[in-house]
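Everything on this sheet refers to the single structure shown next.
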Amino acid sequence: MTKKPQTSKAAAEKVVKNIRRKTRQTYSAEEKIRIVLAGLRGEESISVLCRREGIAESLYYSWSKEFLEAGKRRLSGDTARQATSPEVKDLRSESLALKECVADLTLENRLLKKSMTGAGEFEE
């Protein structure tokens with residue numbers, strides 16, 4: 001016996017799921033902050049705000065929690081931020097280039113000093 005191909009309903013659900021995944025909206029940090037602040041203002045209910053923005057209430061509450069925890073950390077003096085990997089690589093390469101530059105200038109300075117001290121003296 002051969003296997004049946006997927007039912008049309010299952011295939012349709014798979015297509016819809018893929019479309020939803022590819023068209024999922026991503027929010028920037030500024031948009032998340034704007035939405036959370038609008039909710040904190042209390043001018044309208046959270047459910048109305050979430051419906052207007054097209055997000056789930058659970059997503060709003062997770063953003064709100066992250067926002068408030070970040071503010072609490074900042075106010076408590078924990079100002080160290082997480083550097084991203086590309087930033088670290090860029091800073092390391094810049095540091096290496098600056099160290100090489102300092103080494104070259106130091107060597108050139110020493111050579112100039114040696115040439116100046118030896119140039120004024122004549123051997124008899």
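Annotations
- Among residues of the range 49-101 being part of a helix (DSSP H, G or I) and among the hydroxyl-bearing types (Ser, Thr, Tyr), the one that is modelled with the lowest pLDDT is 85.
- Index of the failed condition, residue 37 passing every other in (1) in a helix (DSSP H, G or I); (2) over 24 Å from the mean Cα position of the chain (by Cα): (2)
The values are calculated or read from the model by the stated rules, or taken from the named source; none is laboratory data. It should be emphasised that the depicted structure is a prediction, and the values quoted were computed from it without experimental measurement.
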